[in-house]
1. All other residues with a Cβ under 12 Å from the Cβ of residue 385 taken together, and with Lys, Arg as +1 and Asp, Glu as -1, what is their net charge?
2. Just list whichever of 247/424; 142/373; 228/312; 189/228 have alpha carbons separated by over 30 Å in the model shown.
3. So, counting K/R as plus one and D/E as minus one, what does the shell of residues with Cβ under 13 Å around residue 571 add up to?
4. For residue 412 and residue 572, what is the calculated FRET efficiency with R₀ set at 30 Å and r taken between the beta-carbons, to the nearest 0.05?
5. Using packing as a proxy for protection, rank 270-278, 165-173, 199-207, 413-421 so that the peptide with the highest average count of other Cβ atoms within 10 Å comes first.
6. Among residues other than residue 404 whose Cβ falls under 13 Å from its Cβ, what is the net charge (Lys/Arg +1, Asp/Glu -1)?
7. Let's test the formula: R0 of 45 Å, r as the Cβ-Cβ distance of residue 375 and residue 328. What FRET efficiency results, to the nearest 0.05?
8. May I ask you to evaluate 6.51 cos²θ - 1.76 cosθ + 1.60, the Karplus curve with θ = phi - 60°, for each residue of segment 216-228 and list the ³J(HN,Hα) values in order in whole Hz, giving x for glycine and proline?
Amino acid sequence: MDFYDVLDKVQVLLSQRGRVSYRALQRQFALVDEELEALKDELIYAKRLAVDEDGRILVWVGEAAAPSLPRAPAVFPDPPGSYAGPPARAQRFSGIEAFSVTSKRSDMTHTMHQKEKTMPSHQPSGSALGVRPYISQTDAFKDGRDSPRAFLERCLEVIAAQEDGVGAFVTLNIEGARAAADASTQRWKSGSTLSPIDGMPVGIKDIMETADMATEQGSPLFVGWHGKRDCAAVAALRAAGAVVLGKTVTTEFAASHPSTTRNPWDHARTPGGSSSGSAAAVGIGMIPAALGSQVIGSIIRPASFCGCVGFKPSVGGINRGGSFDHFSQSCTGVLGATLADTWTVARAISLRVGGDPGFAGLGGPLEPPRARKPRRLALLETAGWPDASEAAKQALADARQRLQAAGIEVVDRTSHDATTAVEKAIAQALALSRAINAWEGHWPLNTYAVDMDRSRLSLSAQGRLAEAQAMTQEQYQGLLRERQRIRELYAALHPACDACMTLSAPGAAPLGLEWTGNPIFTVPTSLLGVPSLSLPVLEDDGLPLGLQVIGFRDQDAELFSAADMILTLFQD
């Protein structure tokens, strides 16, 4: 098999996207990557491969390419150092260079741009779609087989190839990211790293302030708004040596009005929300981790739809200072390639800035907690069971069987009285949460409408404002009392069960971009203020579906231990 055979194979794989299982597609792309590795002597450093939205093959090269490849630099008259893609995106991706090839032997056209050296690595190149772990790669940084700068370049390759179709980012700071990655590379060489995530490229949900980039909150009211400071979580990431690459797309004010981001596995479907860009970017391998937030279902649901790990901490677990996210049951959380990446990012933040004021913050080991087999799990159908697809229900039933076969007891509402009580208590979690949020969102929506421009608020935002204006303080106080009652009832389940399990969403990501999907399966964890994880181990219609594992208040590390063991049961 020669280089052109590999290119032809990639085009066949691309034609299957949306028609075969995304996991099968990942496996096939990984095989292609191995074939490129076998051809490395012929290609002389031309191992980085990805594909843009128009189906063009992009092969990133080092100092030279195979002599057999024709050269015709005038074919694409892009200036040196630009992205060989659609003109509308050229400026956004300045600094990403490519060697572009059309895989037709009778019509080979390409352009070569100057490219900085990237180091060979066993990590997936841009051709291998799917999550891109970081923590597991850092051993190679210590002995010089890889580096944070090379890792960043691989991320940029995927962004160049996929971003036009996905739209995960509002903006990128590539120059700043490269400088930070170079500094991290030197720290790894000298053994003076700042943390385990030193050099990790991360995305920041665009409701969180960044000193070097605008914070637009997904709203036309805030286009170009720049606070010129980092929020607490971003300041902590930088202090830990992380590379802040860009701002990821959010729905308007991190609420329900959808963004333009598309699902990376099927562009006709939603990525979920409100952490839309963060989930899409991590799921397709643009970055290994990104910050998100959740007050209803904004981390767990998009993680499920995009095929990455999603972590919503216990309420108050991560400091939200400098984030436009003030709701009482909201949390800053992490979307990651793996459990290890997810935990290590979250813990690096809480170590440096703690939790919300008045909260102890996320605790536990700095390294990922060790796997621990749970004794008993409670399966929660939640109020979402009637909305779940048959394939999703079957996937959850199959997961239950795996757990039971491993010696883990699984109880449900039909066999366990305490679980039955919890199911009844959380049945109205969505309505209760939305009512609480409506009152708490009265400000700043009221001043946006009066002091800014009401017409630039979405109809859903205007509807939430009207709902808040019709409420009384006494009603809100009653809602809080009911929430506390439900939280105490759920806490009483802890002596009997180590954790709970359910779906992360009713099924695969819905078709269309008009809404972000039903949050019915994940809203209970927001109401309860407990930690939850979406594990990308299930499928529906060949698309990602998360298994949600739910813990107890301030028992986040214990949840990760149980989840890590559960993941081993799906490694087949």
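Coordinate-derived values only; no laboratory data. Keep in mind it's a predicted model, so treat the numbers as computed, not measured. Please note: Cβ atoms are built from the backbone with ideal geometry, for glycine as well, and neighbour counts cover all protein chains shown.
1. Working: positive: 393, 413; negative: 381, 387, 390, 412, 423.
Residues close to residue 385 contribute a combined charge of -3.
2. On the way: 247/424 39 Å; 142/373 32 Å; 228/312 27 Å; 189/228 32 Å.
Among 247/424; 142/373; 228/312; 189/228, the Cα-Cα distance tops 30 Å for 247/424; 142/373; 189/228.
3. Every neighbour counted, the sum reads 0.
4. For R0 = 30 Å, the calculated efficiency reads 0.75.
5. On the way: 270-278: 34.6, 165-173: 22.3, 199-207: 30.6, 413-421: 15.4.
Most protected by this proxy first, the peptides run 270-278, 199-207, 165-173, 413-421.
6. With Lys, Arg at +1 and Asp, Glu at -1, the neighbours total +2.
7. Computed FRET efficiency for residue 375 and residue 328: 0.90.
8. For segment 216-228, the Karplus-derived couplings read 9, 6, x, 10, x, 5, 10, 4, x, 5, 9, x, 6 Hz, x marking Gly and Pro.
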